[in-house]
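The structure appears right after this line, and notes come after that.
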Amino acid sequence: MAGHSHWKSIKHKKAVVDARRGKVWSKLARLIIIAAKRGGNPDDNLALRYAMDKARAANMPNDTIEKAVKRGTGELGGANYESVVYEGYGPGGVAILVDALTDNRNRTAGEIRMAFDKNSGAVGAANSVGWMFSVQGIIAIDKAAIEEDALIELALEAGAQDVQTSPEGYVIQTQMADLEKVRKAVAAANVPIVSAELVKVPSQAIAVSGEAAAKIQALIDALEDNDDVQNVYSNAQWED
């Protein structure tokens, strides 16, 4: 069911981009700035490459992307952002992991705590839920792009761990270190890629539906609405 959940997340994020493009661009600019601190050449810096790909997918102008890269490398001035992770629980004991980029830890921590408190959740201590998640590579492919058997053969030969199918499309799962190798193999086969990124995947999921699912989604929405938040992960498995 992970494939279905990932496509649900893609659709949700696309709706957010369409509705709040300016805020999304601001978040992506921060992601590029942080990544570019490790080097401004995307050919040598995969984190920057993926950040720029996400920005282009959100239709961010090239000059805005270039300025963000220069801010990260120090060629242009600007706020100094750092990466922080918040952990907690949502309604029903669902584990929540929040990745943020902030220039003020105290401000962000207070806002994250408020979002949890207002939505029947609670902030946890360090590694209270982080141990439930592992970093994996995820490549999303549209259903119409390729036949399932052909994609499975292509992906597994390239080193993927698994290929999952949902009504919306395919999700290729890789080990963190193999994401770029598999992505290149898929691209070389002229298969269009919807997205390729590193994500935090829960080891076990909790099935949610009805009112409980609505409450969890409200918490996730509140967290994602924060300007400093980049990604929100949970171990909730939405049931249709």
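Throughout, read-outs are computed from the coordinates displayed, never taken from laboratory work. Remember, it's a predicted structure, so these values are computed and weren't measured experimentally. Every residue, glycine among them, receives a Cβ derived from its backbone with ideal geometry; neighbour counts consider all protein chains shown.
The table that follows gives values for the structure above.
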| item | result |
| --- | --- |
| Which numbered condition ILE206 misses (of (1) within 14 Å of the chain's Cα centre (by Cα); (2) touching a residue at least 60 places away in the same chain (Cβ under 8 Å)) | (1) |
| Where GLN136 falls short, out of the listed (1) surrounded by 14 or more Cβ atoms within 10 Å (Cβ to Cβ); (2) farther than 26 Å from GLY88 by Cβ | (2) |
| Residue that is farthest from TYR81 (Cα to Cα), among those in the stretch 108-125 that are touching a strand residue (DSSP E or B) at 6+ places or on another chain (Cβ under 7 Å) and in a loop (DSSP other than H, G, I, E, B) | GLY121 |
| Single match in ALA122, ALA115, ALA126, ALA109 (criterion: of a type in the set (A, V, I, L, M, F, W, C) and over 24 Å from ALA205 (Cβ atoms)) | ALA109 |
| Among (1) over 30 Å from GLY110 (Cβ atoms); (2) of a type outside the set (A, V, I, L, M, F, W, C); (3) in contact (Cβ under 8 Å) with a residue 24 or more places away in the chain; (4) surrounded by 17 or more Cβ atoms within 10 Å (Cβ to Cβ), the one test that LYS54 misses | (1) |
| Number of the exception - ASN231 against (1) of a type outside the set (Ser, Thr, Tyr); (2) closer than 11 Å to VAL94 by Cβ; (3) in contact (Cβ under 8 Å) with a residue 24 or more places away in the chain | (2) |
| Residues within the stretch 176-200 that are touching a residue at least 40 places away in the same chain (Cβ under 8 Å), loosely packed, with under 13 Cβ neighbours inside 10 Å and not in a helix (DSSP H, G or I), tallied | 1 |
| Number of positions in the stretch 57-97 that are within 15 Å of ALA36 (Cα to Cα) and assigned to a strand (DSSP E or B) | 2 |
| Given (1) part of a helix (DSSP H, G or I); (2) touching a Gly at 6+ places or on another chain (Cβ under 9 Å), index of the condition GLU153 fails | (2) |
